[in-house]
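Bear in mind that the values in this text are calculations on the coordinates, not laboratory data. Small disclaimer: the values here were computed from a predicted structure and weren't measured. Every residue, glycine as well, gets a Cβ built from its backbone with ideal geometry; the counts of neighbours run over all protein chains shown.
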Amino acid sequence: MDATTAPHIIPPEMPQYGEENHIFELMQVTGSLGRGVGAMLEQLLIHQPKEPISFMIEHLQRNNDHGNVAIQTSEQQSPHQGQLNSKTVSPCGFRSQQALPEDQDDFQHAVHPAASGAPGGRRLHPEVMLKAPDTVLIERNLGKRIDPQTGEIYHTTFDWPSDPDVQNRLVEPAGISELETAQKLLDYHRNIIRILPSYPKILKTISADQPCVDVFYQALTYVQSNHRTNAPFTPRVLLCGPQGSGKSLQAALLAQKYGLVNVCCGQLLKETVADKSSFGELIEPFFEKKVTVPDSIIIKVLVQRLEKQDCVQKGWVLHGFPRDLDQAQMLKKVGFSPNRVFFLNVPLDSIIERLTLRRTDPVTGERFHLMYKPPPTMEIQARLLQNPKDSEEQIKLEMDLFYRNSAELEQFYRQAIILNGDQDPYTVFEYIESGIINPLPTKVS
């Protein structure tokens, strides 16, 4: 597998440091200030200094990259643009006299000095590529003429001088015959396909088979535009609430709309047992005895799941864990702290109504609710069964246990958002969406 295209595993400490120090917010706010600021913030994420302000001051005092734009073309692409071809151009449009290297080895040597061991290299971003058919380029090259006195370049079609004296002294430069031009184009195509993959996200291709003014303004517009910030935000959502508060439904809605990985702790333990894995063999005796699985085993199963690539790339929504302060501290210790926490508060009467009226058809396995989803026939209703966990006594015990621990959890997750879960589930979902998309409000102590 190509290492440059393989998915990168981001250490959990990096986004956590970025969120705690508001680096991602700075990336979004300072996007228009230039890529030098963005590079500085990227270095903050990589090095994670204890004193971010001092680190940024030192970074700014060094001779930093001010940002250059590589105009990568074949030599013949735009003869009427003169020396603009194959040159490094600043965002303001001023020309530099340093041409781009002709092959990949020299290119990597100049652009990535750290890799080649050469000092004085420069980092190019973004890269603009001017592209035109070879037949057009050959025709353009054949029309080139040079004034031997001034060195100015003219063209028999695009830029012919009006002064007769200049016309008479123009000469055809060496090396522009059709055969020689075709050979240069062949060399160019052989090397460019090796260079361009190094810059997949910053490459802008512009057709050079149009007037030079149009080409210039398209390139200038691209260079001056505010590109999307590199600030990553992978949602790591924790839903807390008593049994029957709607955590499972909200997690399913988030997973469906945003592609987050739905991690239900209870379901995850059941799947682990069903897989007959080593962890499953440890968990199975606790299931058989109907006793609580130790936290030390649960956290290992959770870490194994949250470390997988889909959770790293897409983000996750966790529910069913943690249930108390000790579990929350364990989750933080292993490096999987959520960046959005929601508490769904529902009154006891509503919870009892939601859960005590749940029934299951033992024949089909279909679930019903005597109020919200009643069975279609009396025959089905007569055979419905209630889960012992849905008895009113058991629900009151679970509710009491949850609210005894919820105060400490809310204190631990100080940025948590408290929601009224006793309303239409899609209204609750809209509030959760808003809490994920928008920055967290700053709480004044």
Stretched out fully, how many nm does the piece from SER54 to GLN267 gain, at 0.36 nm a residue minus the Cα gap? 72.0 nm
Pairwise FRET efficiency - PHE158 versus SER198, Cβ, R0 = 30 Å, nearest 0.05: 0.40
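Give me the number: length gained by fully extending ARG190 to LYS308, i.e. 0.36 nm times residue separation minus the C-alpha to C-alpha distance, one decimal in nm. Intermediate results must be reported in sequence, preceding the final value.
Numbers: separation 118, 0.36 × 118 = 42.48 nm, distance 3.93 nm.
That works out to 38.6 nm of additional length.
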Quick check for you: which residues of segment 338-375 have the amide N under 13 Å from the point 7 Å beyond the Cα of ASN420 toward its beta carbon? 345-347
How high is the FRET efficiency between ASP275 and ASN387 when r is their beta carbon distance and R₀ equals 30 Å, given to the nearest 0.05? 0.75
FRET efficiency for GLU172 and ALA252, using Cβ-Cβ distance with R0 set to 51 Å, rounded to 0.05: 0.10
What is the spin-label model distance, in nm, from LYS373 to ASP209 if the labels are put 7 Å beyond Cα along the C-beta direction? 5.9 nm
Protection proxy ranking of 127-138, 393-404 - average other beta-carbon atoms within 10 Å, highest first: 127-138, 393-404
Additional length obtainable on full extension of the chain from ASP400 to ASP295, 0.36 nm per residue less Cα span: 35.8 nm
Sum up the charges of everything whose Cβ sits under 13 Å from the Cβ of GLN256, counting Lys and Arg as +1 and Asp and Glu as -1, but leave GLN256 out. +1
